[in-house]
Amino acid sequence: MIDVSGIGAFLGLDVGKGEHHATAVTPAGKKSFDKRLPNSEPKLREVFGKLQAKHGTVLVVVDQPASIGALPLAMARDMGCPVAHLPGLTMRRIADLYPGEAKTDARDAFVIADAARVMPHTLRSVDLEDETIAELEMIVRFDEDLTGDATRISNRLRGLLTQIHPSLERFFGPRVQHPAVLKLLDQFGSPAQIRRAGRRRLVTPTRPKALRMAERLVDDIFTELDEQTVVVPGTDAAALIEPSLASSLQAVLDQRKLLAARIEELLEKNHPLCKVLTSMPGIGVRTGARILIDVGDGRWAPSAAHLAAYAGLAPAPRSSGSSNRGEQPSRKGNKQLERAFFLSAFAALADPVFRAYYDKKISQGKHHTQALLCLARRRADVLFAVLRDGTFYEPQPAPSA
């Protein structure tokens, strides 16, 4: 929890792209400043300096510590002001406790400042060490955008193949992001061009991308080609589009590889919790980075249940009077963190211990998604324990059937 003893003023900033709304509140709850500030260093320095001269120590609290809130935090640190972060979801819930239904920057800034004054336990620290976290967040966000681009291009490529040659798409579809498949589609484009090239010309560009399976891959391609002899209208147009899509998809995948290498470098060199996180089955470089961005060292969460609730993994009961609909997945929480937990749970099915828990839920009548959600909730308990103790994950033997 943030120590607010000795704080002379609480400055809440509702940050924006061009300007922020700043509201300063004294420990007695009286407003001493309430204005809009340009997002520029001279003006921020001037206001921080005046507040320090008038009140002494000023606690600067923002609702977004990264992106558009990065400059105010950097300025506050440079001038010796303590800084803190009030998560947006927490701020919205606290705002419901204040009178009025207006949603304005001025009201939000006041809620941030007053929450820091009366509910300091809701604040999160923003440490200097988290320059690494800031860089990680920027890279991970870009990587998530690239993931969406890769999915979109893959679906477009598979859609074209389905239109002109469904049997070939059934073979290429699950492998559409494989370098060998993308090389063939980039170089030859259409089913007719692949057939005209012949087996030998296909094996040559394929072998560097798939050393052990080049011949078998080409044989399977020709097997699928032989299933369709009719030429579908639009095949010639698809032959122009497919190489471009394959080239674009390969470029996106190459960018993701570079980002993954940079994320791994940042984690291994600058963050002591990297090896603790990746010791858990199912947590890789990208998932570990997302967890570190949103969870940090986990000290802010008093229990594993709080962590699970923040990630949206805690089921919410739905009952009223005689109507009892049981428990349903929560619609709240950090969706990006929830997705990271869900994907890591899916990846952890290769581990015998976590697989046994998943199979247990399946045997209880839950379908695949429900069982994965239960497993993700269970893994939140494990993650909280390893972060709290700073110890590596130690696998336990799976219970016998």
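Which whole DSSP H helices in the chain pass both tests: a Cα extent of 27 Å or more along the axis and a mean Kyte-Doolittle value no lower than -1.0?
131-164, 235-270, 368-389
Give the cross-link partners of LYS335 among the aspartates and glutamates, using a straight C-alpha distance below 12 Å as the criterion and excluding same-chain residues fewer than 8 apart.
ASP294
How big is Rg to Rh over segment 136-263, alpha-carbon atoms, Rh as the Kirkwood inverse-mean-distance radius?
We get a ratio of 1.01 for segment 136-263.
Shape verdict for the chain, please, from the Cα gyration tensor: rounded (a/c under 1.5), prolate (a/b greater than b/c) or oblate. Let's see the in-between values first.
Working: a/c = 2.40, a/b = 1.81, b/c = 1.33.
Here the chain falls in the prolate category.
Using 0.36 nm per residue of separation minus the Cα-Cα distance, give me the extension gain between GLN52 and ARG299 in nm, one decimal.
On the way: separation 247, 0.36 × 247 = 88.92 nm, distance 2.96 nm.
Here the segment from GLN52 to ARG299 would lengthen by 86.0 nm.
Kirkwood-based Rg over Rh for segment 274-389 (C-alpha set), two decimals?
With Rh from the inverse mean 1/r over Cα pairs, Rg/Rh is 0.99.
Can you report the principal axis dimensions of segment 1-145 using only the alpha carbons, biggest first, rounded to whole angstrom?
45, 34, 30
Filter the trypsin sites (Lys or Arg not before Pro) in segment 62-135 down to the DSSP loop ones having no more than 11 other Cβ atoms within 10 Å, then list what survives.
Of the trypsin sites (Lys or Arg not before Pro), the ones in loops of segment 62-135 whose Cβ has at most 11 other Cβ atoms within 10 Å are LYS103.
Could you sort out which of LYS17/LYS54; LYS35/LYS332; LYS30/LYS103; LYS30/LYS332 sit more than 23 Å apart by Cα distance in this structure?
In this structure, LYS17/LYS54; LYS35/LYS332; LYS30/LYS332 lie more than 23 Å apart at Cα.
Set the Förster radius R0 to 41 Å, insert the Cβ-Cβ distance between ARG93 and MET213 as r into 1/(1 + (r/R0)^6), and round the FRET efficiency to 0.05.
My answer for the efficiency is 0.15.
We did not get these values from a lab; they are worked out from the coordinates using the rules stated. All figures in this text were calculated on a predicted structure; none of them were measured in a lab. Positions of Cβ are backbone-derived with ideal geometry, glycine not excepted, and every protein chain shown enters the neighbour counts.
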